[in-house]
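The structure appears below as structure tokens.
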Amino acid sequence: MYQTNYHRASSVADAVKLQKKADDGKFVSGGMTLIQTMKQRLAAPSDLIDLRHIKELKGVKVSGKSVTIGAATTHAEVASDAKLAKACPAICHLAAHIGDPHVRNMGTIGGSVANNDPAADYPAAMLALDATIVTNKREIAAAKFFTGLFETALKDDEIVTAVTFTVPDKCGYSKFPNPASRYAMTGVFVAKRKDGVKAAVTGAGDDGVFRSKEVEAALSKKFDASALDGVKVSAKNLMTDIHATAEYRANLIVVMAKRAVAAANG
Amino acid sequence: MGMEGIGARVARKEDKRFITGAGRYVDDMVVPGMKHAAFVRSPYAHADIRKIDIKAAEKMPGVIAVLTGKELKADGIGNLICGWMIHSKDGSPMNMGAWSPLAVDRVRYVGDAVAIVVAETKGQARDAAEAVAVSYKEKKAVTDAVAALKSGAPQLHPEAAGNLIYDWEIGDSAAADKAIKAAAHVTTMHIVNNRLVPNAMEPRAALGHYDKAEDHYTCWTTSQNPHVARLVMSAFYNVAPENKLRVIAPDVGGGFGSKIYIYPEEIVCLWASKKSGVPVKWVADRTESFMTDAHGRDHVTEVKLALDKDHKITALKVDTIANFGAYMSLFSSAVPTYLYATLLSGQYVIPAIHCNVKAVYTNTAPVDAYRGAGRPEATYVLERVVETAAREVGVSPAELRRKNFIRSFPYQTPVIMNYDAGDYETSLNAAMKAADYAGFEKRREKAKKAGKLRGIGMSCYIEACGIAPSAAVGSLGAGVGLWESAEVRVNAVGTIEVLTGSHSHGQGHETTFAQLVSQRFGVPLDQVSIVHGDTDKVQMGMGTYGSRSGAVGMSAIHKALDKVETKAKKIAAHLLEADEGDIVIENGELKVAGTDKAVPWFQMALSAYTAHNLPEGMEPGLKEGAFYDPSNFTFPAGCYICEVEVDPDTGQTEIVQFVAADDFGNIINPMIVEGQVHGGIAQGVGQALLEGCVYDAGSGQLVTASYMDYTMPRASDLPSFKVSTSNTPCPSNPLGIKGCGEAGAIGSPPAVINAITDAIQNNDLAMPATPQKVWAALKAATRH
């Protein structure tokens, strides 16, 4: 790792100020990707501004069907939140299966969505749940937020402060982990509402998280795993790497969608 | 058997310091004035070095020295060598290319060391290493051994035309061909043994200290065999004469073979210490370990197995291409020859065997022995082809094996080995019983109802360890002898130190070796200390690899204990005014048999050192040494049975049962033996299901350079193993023990793959059997 300066921001305003002062300041909120990248000397920010301890960014609020999760809430906190478990257990299940205990106690939801790793779990949930990503400047619909591999609509000095969503009628998540990294090699989040079904796929697309038209079409007819029998997802625009071909990922999308639906239907 | 003697499940003495984080590894060593090194490494798989500009790096903060291969060569530091001479079948010696510790004009793999930077801190050294400007002219690279043999392939070394190191054979080709032609059935397979990265928990490290006043070097290094390191660095690399070079291998966090070899880094750190005037420490990071530790396996093999109409095996023909990487590592040449082809008879009577091996240079990390070394490759070829043959002719794989077992010993195979003892059927029966082999079809049916494909696979392995005798390995080309040494020092108060040439890096020698002593003299375990790993403390020894410490290292201790016992009895007889032949050692006393006359052990020892009352003419003191050279290899064997369930939707394999029935001869500490078997199976399962080193074929870049892409086995990937042992004592050493360190890694991969291929009904499946590969094989499933 190159030498860097570490700052613990006390508020969002303080964080913005600190970043402005730095030559090449980067926000860090868990650092589950950034710190690794820095250790490999592939990133060298002059300053790290840690958002993880900002009080206003922490905590889960559930009010009826409305859920707000502060950006600095760790995966472990999301996984173990009792009110959330009652309102939307799929999110708790997702958070409980990110990485390992160390990652879950360091990594945050804000860090995860802002980083938009193409194999991260939260982006699939955000997209399928029609979530809103709240920043210090504006509110962005998930559909407009995730723009490509590690790319988002965020500006340089923009900080994710929370994510909000309305709990759907039913939802579920299932992922097939990469054997080595345990990131999602393919993960599918399905959410059913009166106006239709959304199914978002992570870990598989060559341009990051996306919605599967094939899966959504089948599940809109009948929200049941059997509706996906015989459904084929195109391997076009899916990733191929040493662990999985595009064809294999296409298969996994259908299999994981079935399992996600089964979980959603309880 | 006492509570602490041979056969007792004694908790490991060394674990207290390991578990409490108090172990002392090379990176824990601090020498006054010590500075830190970073290596400049090639980012290319193959390139000419046009120019190395160190000016900018020298000006970086904290930099003490920037040194390159040119200066190293000018100082007369030698090239790295392979110490086992293999001759091709045309009689020509192997074609060994030059390996300079720092590349001078060409780099041949990603990670090849080019320069060393010494600086005040590790961070400064790394920063400056990045500032060394190396101008490369990239060349075409080849990473696959089969491709490297093709005409027009990029050429690595002028000494090895066509990248061919040797083209070696063993056995009778004509007899094998004749038997195959006459066979009732021939099974033909193409088998790849995947390349593995050793991944010891502790990365390699070296601390070189040149003492100007004494003109003396000390090297702390992560070595499995510090004396061999000293010998090779002294005799071949011209670092320093042996009496001016002390090598210390303190606590070492795992080796699995990868720390047998002498690497460029320890040589360069020693040289750089003299050059820069400061002690120089280097510790690899994990990526350096992936890039530069000697890798394992990487064979491509065509095999034919011939059966007669009664399903007796009549011939085995094997054609293997072995990837050696960019340079010949220290023992690399022996691995796919004398540690591989000589084991191809397995547990079976096979009248005709022939094996041809081509060793090949490629633009990848050097390949050398890794847990099992050649024997896993042999077992994988044989046990997959035997299982497949059974399926093809429609008989039970267990019965085909049973029909062909060797049943009388000694047994001379057609490929050098002379098996001294074994009872393969006992292991087979024990494993089948523990696995409830007979009940498998019911379990398969039950799994089918749950939507899972269940399969069962078997592997009957044999291995050869405790490689010896020295004269025999010498005649096969080894540059060293493979004996072991021991010295037993009884102190004046009766406590005992054992100085052993073996090296413990996880094996538990401090416990098992002490058990041997405790058993002999009735001395409590905590009064026996094992000293190893320091050339200044311990007499010349050969180190630990190839499961040799029990069979060879402990036999040397046994021999030294014999001498101590003889002298101790003489002293006791003198003190008790009895006949030497009447003295027995029991419960910490030397007694006159059948009487109550006795002298405590400590008192006898004290008498040896006060020397007030010793037998006429006896020298004072009680210290004896021994060198032990075994009369033969020892041959552990066993039967492993793996049962899996495959999820047909994803290709995910779950190992639902794993049974190991091993014959290790006499056992010193069953708990430690079980630990070795568990660890070996974990590594074998790792090879079968998870681990695979991948280079990009075009660029030669290492794709699996971290745990993000290289899948290490985790606890959750493994079931609880059912292990048992049987015992046919080894007749070739005085303790009757075999070796247990590698068996798990040798025997398990074919059992796992045979189970999966049974589940998916497709014999065409390569390791690692990742979910994607199993899914694809299932889709293509047609039994061949």
Residue match in the range A:206-220 (condition: under 27 Å from A:Arg52 (Cα atoms), out of contact with any Ser or Thr (no Cβ under 6 Å at 6 or more places or on another chain) and outside any strand (DSSP E or B)): no
Residue in the range A:241-266 that is nearest to the other protein chains (Cβ to nearest Cβ), counting only those that are in a loop (DSSP other than H, G, I, E, B) and in contact (Cβ under 8 Å) with a residue 40 or more places away in the chain: A:Ala244
Per-region count, the range B:110-161, residues in contact (Cβ under 8 Å) with a residue 12 or more places away in the chain and over 27 Å from B:Glu58 (Cβ atoms): 18
Filter result (within 14 Å of chain B (Cβ to nearest Cβ) and surrounded by 15 or more Cβ atoms within 10 Å (Cβ to Cβ)) within the range A:211-240: A:Ala225, A:Leu228, A:Val231, A:Val233, A:Ala235, A:Leu238, A:Met239
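Listed here are the residues, each with its yes/no results for (1) touching a helix residue (DSSP H, G or I) at 6+ places or on another chain (Cβ under 9 Å); (2) of a type in the set (Asp, Glu); (3) not assigned by TED's automatic domain parsing to the domain that holds B:Pro93.
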residue	(1), (2), (3)
B:Val303	yes, no, yes
B:Ala306	yes, no, yes
B:Lys312	yes, no, yes
B:Asp319	no, yes, yes
B:Phe331	no, no, yes
B:Leu339	yes, no, yes
B:Thr362	yes, no, yes
Some residue of the range A:135-156 being β-branched (Val, Ile, Thr) and either on the phi > 0 side of the Ramachandran plot or not in a strand (DSSP E or B) (or both): no
Of all residues in the range B:563-583 being in contact with a strand residue (DSSP E or B) (Cβ under 8 Å, 6 or more places away or on another chain) and farther than 15 Å from B:Ala598 by Cα, the one that is surrounded by the fewest Cβ atoms within 10 Å (Cβ to Cβ): B:Lys563
Boolean, B:Pro719 is surrounded by fewer than 24 Cβ atoms within 10 Å (Cβ to Cβ), under 26 Å from B:Ser470 (Cα atoms) and either of a type outside the set (Gly, Ala, Ser) or modelled with pLDDT of 95 or more (or both): no
Strands (runs of 3 or more DSSP E) contained in the range A:1-100 and holding at least 3 residues surrounded by fewer than 18 Cβ atoms within 10 Å (Cβ to Cβ) and more than 14 Å from chain B (Cβ to nearest Cβ): A:5-8
All helices (runs of 4 or more DSSP H) inside the range B:377-478 with 3 or more residues being surrounded by 15 or more Cβ atoms within 10 Å (Cβ to Cβ) and of a type in the set (A, V, I, L, M): B:424-434
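Tell me which residues, restricted to the range B:280-315, are assigned to a strand (DSSP E or B) and farther than 17 Å from B:Pro376 by Cβ.
Within the range B:280-315, B:Val280, B:Lys281, B:Trp282, B:Val283, B:Glu302, B:Lys304, B:Leu305, B:Ala306, B:Leu307, B:Ile313, B:Thr314, B:Ala315 meet the criteria.
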Matching residues in the range B:752-784 - criterion: being more than 30 Å from the chain's Cα centre (by Cα), more than 14 Å from chain A (Cβ to nearest Cβ) and either part of a helix (DSSP H, G or I) or surrounded by 19 or more Cβ atoms within 10 Å (Cβ to Cβ) (or both): B:Asp758, B:Ala759, B:Ile760, B:Asn762
Single residue of the range B:694-715 satisfying the filter (facing chain A (nearest Cβ under 10 Å) and over 23 Å from the mean Cα position of the chain (by Cα)) that is surrounded by the most Cβ atoms within 10 Å (Cβ to Cβ): B:Asp709
Residue in the range B:722-735 that is in a loop (DSSP other than H, G, I, E, B), more than 21 Å from the chain's Cα centre (by Cα) and within 14 Å of chain A (Cβ to nearest Cβ) present: no
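Does the range B:111-136 hold any residues that are over 13 Å from B:Phe39 (Cβ atoms) and in contact with a strand residue (DSSP E or B) (Cβ under 7 Å, 6 or more places away or on another chain), and which are they?
B:Glu120, B:Thr121, B:Gln124, B:Ala133, B:Ser135, B:Tyr136
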Selection from the range B:130-143 of residues that are surrounded by fewer than 24 Cβ atoms within 10 Å (Cβ to Cβ) and either under 33 Å from the mean Cα position of the chain (by Cα) or more than 12 Å from every other protein chain (Cβ to nearest Cβ) (or both): B:Ala131, B:Val132, B:Ala133, B:Val134, B:Ser135, B:Tyr136, B:Lys137, B:Glu138, B:Lys139, B:Lys140
Selection status of B:Asp112, acidic (Asp, Glu), over 30 Å from the mean Cα position of the chain (by Cα) and away from chain A (no Cβ under 14 Å): no
Meets criteria (surrounded by fewer than 21 Cβ atoms within 10 Å (Cβ to Cβ) and more than 28 Å from B:Asn363 (Cβ to Cβ)) for B:Glu242: yes
Among the residues listed as B:Gly91, B:Gly123, the single one being within 14 Å of chain A (Cβ to nearest Cβ) and either in a loop (DSSP other than H, G, I, E, B) or over 27 Å from B:Tyr338 (Cα atoms) (or both): B:Gly123
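So that you can scan it fast, the table gives a plain yes or no per residue for (1) more than 29 Å from B:Ser555 (Cα to Cα); (2) assigned by TED's automatic domain parsing to the domain that holds B:Gly541; (3) of a type in the set (Lys, Arg):
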| residue | (1), (2), (3) |
| --- | --- |
| B:Ile571 | no, yes, no |
| B:Glu589 | no, yes, no |
| B:Gly594 | yes, yes, no |
| B:Tyr609 | no, yes, no |
| B:Asp647 | yes, no, no |
Flag for A:Val188 being within 14 Å of chain B (Cβ to nearest Cβ) and within 15 Å of the chain's Cα centre (by Cα): yes
Only one of B:Glu654, B:Glu691, B:Glu586, B:Glu619 that is within 14 Å of chain A (Cβ to nearest Cβ), surrounded by fewer than 19 Cβ atoms within 10 Å (Cβ to Cβ) and of a type outside the set (A, V, I, L, M): B:Glu654
Restricting the range A:109-150 to residues that are crowded, with 21+ Cβ neighbours inside 10 Å and either at pLDDT below 95 or aromatic (Phe, Trp, Tyr) (or both), the residue that is farthest from A:Lys61 (Cα to Cα): A:Phe146
Lone qualifier among A:Ala227, A:Ala217, A:Ala235, A:Ala246 - being over 22 Å from B:Gly692 (Cβ atoms), at pLDDT 95 or above and in contact with a Leu (Cβ under 9 Å, 6 or more places away or on another chain): A:Ala227
Residue, nearest to the chain's Cα centre (by Cα), within the range B:234-282, restricted to residues that are β-branched (Val, Ile, Thr) and more than 27 Å from B:Glu742 (Cα to Cα): B:Ile267
Boolean, A:Pro179 is in contact with a His (Cβ under 8 Å, 6 or more places away or on another chain), not aromatic (Phe, Trp, Tyr) and not in a strand (DSSP E or B): yes
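The values are calculated or read from the model by the stated rules, or taken from the named source; none is laboratory data. Worth saying up front: this structure is predicted, and the values here are computed from it rather than measured. Every residue, glycine among them, receives a Cβ derived from its backbone with ideal geometry; neighbour counts consider all protein chains shown.
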